[in-house]
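Before any comments, here is the structure.
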Amino acid sequence: MIINPNKLSSDSKQIANHNEQFDHLASRLSKQNIEVPSLVDKLAAFQVAIPSWALGAGGTRFGRYSYFGEPASLEQKLEDIGVLHSLTRSAGAVSLHIPWDIPTDYKAVKELAFELDLRFDAVNSNTFQDSVGAKHSYKFGSLSNTSIGARQQAIAHNKEVIKIGEKLGSKSMTVWLADGSSFPGQHNFQTALSNTQDSLKEIYKSLADDWKLFIEYKPYEPYFYSTVIQDWGTSFMLANQCGEKAYTLVDLGHHLPNTNIEQIVSTLMFKGKLGGFHFNDSKYGDDDITVGSIKPYALFLIFNELVYGMANNPQNPELSWMIDASHNLKDPLEDLIQSLEAIQITYAKALLVDQDLLKQAQKEHDVSLCQEILQEAYLTDVRPLVRQARLKLNAPLAPLQTYRNLGVREQLIKERGKNTVATGL
Ligand SMILES: [Mn+2]
């Protein structure tokens, strides 16, 4: 399904309302010496990749409920992302998961992506489940396994993923290693880490000069006692061991409760080693729920460090942004629209922080003023800025409402039926 661009324009009443709100905010911000047009340009340019596994119903350990009309093929997944992108103009990339989404016809897939104005962001390898007919099992690990056969099979898979990405025009691969142990004594920590390091170095050899390797970390799950790449320090160490094309990837949900994620982001950017960033939100753990739905102020503080790093750390590369969420209750497309909205809103708030004034207040140890500066930005209703960016890109002012008005899900069900199931967990 491809939305007719003529159906995306907002009505004159909506536009008049928006103009009034935008003019009011823009004149207020201009008085604070904020360059509103360049801020709107930054918002318009911000693009987030959608993973190919986020378009169907997600499951929990206990069950999975369909939304109907789920994409049954890679082409249909691209079309769904195309719908998101035309509604928001901020989802202009796709992150493929291998082996769930191996293209059968590369030329056709690339042409479709081009037509939908989508580029291929990082490709993702999977050694957290066994593929059909595989010689070795990953039950006791992949890149860290004590069995050399399992390790070699996992290395070969990662190299294959790079090859697939190259054919599509991707420039990076993300490794999230599920390896770990569920019981004390099960792993020799040093052996597991050493095997992982050697395996990653071997994979790294296959990277072209203009490619990046992202190493994602997570402190727990799927195993209960230990994870081989448990935290940013381990990921950072492994990335350094691999070389300058290897980076750490931060996923918001992959931290223990109350971790100061903004400080992690800041440290990594200072060292030029933050390569990728996965958005989601959580209450208890890796809940993978809608961005900004639980801890919007924490997200703002993280974005504040990202914005600071993007402006002050030329040693850090441009980041690969992706939404890594799972949809158990909401229509996945509606949920992703809400996440994209939350990302843009929070980015806009972070761009409002008066960094010069903050630096001065920090120098003078004016702790109260430091807090006031952050709160001033956070409490500003920036939605007119986000809408202005959309207007500039010919996207509807209210994407979710437009999605519903156009009856997108109903049409997808009509086209695809009720029984399609998207690949994924
Ligand atoms: Mn992730």
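Within region 374-425, the set of residues being over 24 Å from Gly59 (Cα atoms) and touching a Pro at 6+ places or on another chain (Cβ under 6 Å) comprises Thr402 only. Comparison of Ala178, Ala192 shows that the only residue that is in a helix (DSSP H, G or I), surrounded by 13 or more Cβ atoms within 10 Å (Cβ to Cβ) and touching a residue at least 12 places away in the same chain (Cβ under 8 Å) is Ala192. Among the residues making up region 41-86, those that are of a type in the set (A, V, I, L, M) and either surrounded by fewer than 18 Cβ atoms within 10 Å (Cβ to Cβ) or more than 25 Å from Leu352 (Cα to Cα) (or both) are Ala45, Ile50, Ala54, Leu55, Ala57, Ala72, Leu74, Leu78, Ile81, Val83, Leu84.
Please determine whether any residue of region 77-96 is over 18 Å from the mean Cα position of the chain (by Cα), modelled with pLDDT under 95 and among the hydroxyl-bearing types (Ser, Thr, Tyr). No, the conditions are met nowhere in region 77-96.
Quick check on region 309-319. Is at least one of its residues within 16 Å of the ligand (Cβ to nearest atom), under 24 Å from Asn124 (Cβ atoms) and surrounded by fewer than 21 Cβ atoms within 10 Å (Cβ to Cβ)? Yes, some residue in region 309-319 is within 16 Å of the ligand (Cβ to nearest atom), under 24 Å from Asn124 (Cβ atoms) and surrounded by fewer than 21 Cβ atoms within 10 Å (Cβ to Cβ). Put simply, of Ser235, Ser293 the only residue that is of a type in the set (Gly, Ala, Ser) and in contact with a Ser or Thr (Cβ under 8 Å, 6 or more places away or on another chain) is Ser235. Taking region 154-179 as the range and being in contact with a Gly (Cβ under 9 Å, 6 or more places away or on another chain), closer than 21 Å to Asp130 by Cβ and more than 16 Å from the ligand (Cβ to nearest atom) as the test, only Ala154 passes.
Under the condition of being within 15 Å of the ligand (Cβ to nearest atom) and under 19 Å from Leu200 (Cα atoms), the residues counted in region 267-291 number 3.
Scanning region 107-151 for residues that are basic (Lys, Arg) and touching a strand residue (DSSP E or B) at 6+ places or on another chain (Cβ under 6 Å) yields a total of 1. Residues in region 343-371 that are part of a loop (DSSP other than H, G, I, E, B) and within 25 Å of the chain's Cα centre (by Cα): Val353 only.
Exactly one residue among Leu340, Leu374 is away from the ligand (no atom under 16 Å from the Cβ) and either surrounded by 22 or more Cβ atoms within 10 Å (Cβ to Cβ) or assigned to a loop (DSSP other than H, G, I, E, B) (or both), and that residue is Leu340.
Would you point out the residue of region 240-266, among those that are away from the ligand (no atom under 16 Å from the Cβ) and buried (at least 17 other Cβ atoms within 10 Å of the Cβ), that is nearest to Leu200 (Cα to Cα)? Restricting to residues being away from the ligand (no atom under 16 Å from the Cβ) and buried (at least 17 other Cβ atoms within 10 Å of the Cβ), the top hit is Cys242.
Considering Ser199, Ser226, the condition of being more than 16 Å from the ligand (Cβ to nearest atom) and out of contact with any Gly (no Cβ under 7 Å at 6 or more places or on another chain) is satisfied by Ser199 alone. Of (1) farther than 25 Å from Asn4 by Cβ; (2) surrounded by 14 or more Cβ atoms within 10 Å (Cβ to Cβ); (3) of a type outside the set (D, E, K, R), Leu333 satisfies all except one. Which? Of everything listed in (1) farther than 25 Å from Asn4 by Cβ; (2) surrounded by 14 or more Cβ atoms within 10 Å (Cβ to Cβ); (3) of a type outside the set (D, E, K, R), Leu333 misses just condition (1).
Residue by residue, here is whether (1) in a helix (DSSP H, G or I); (2) farther than 24 Å from Leu274 by Cα holds:
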site	(1), (2)
Asp80	yes, yes
Ala113	yes, yes
Asp117	no, yes
Ile155	yes, no
Val161	yes, no
Glu166	yes, no
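Would you be able to say whether some residue in region 387-400 is crowded, with 18+ Cβ neighbours inside 10 Å and charged (D, E, K, R)? The answer is yes, given that some residue of region 387-400 is crowded, with 18+ Cβ neighbours inside 10 Å and charged (D, E, K, R). Among the residues of region 343-355, those identified as more than 21 Å from Leu118 (Cβ to Cβ) and either within 16 Å of the ligand (Cβ to nearest atom) or among the hydrophobic types (A, V, I, L, M, F, W, C) (or both) are Ile345, Ala348, Ala350, Leu351, Leu352, Val353.
The values are calculated or read from the model by the stated rules, or taken from the named source; none is laboratory data. Predicted model, so just to flag it, every value in this text is computed and none were measured. Ideal geometry is used to build each Cβ from the backbone, glycine not excepted, and the neighbour counts take in all protein chains shown.
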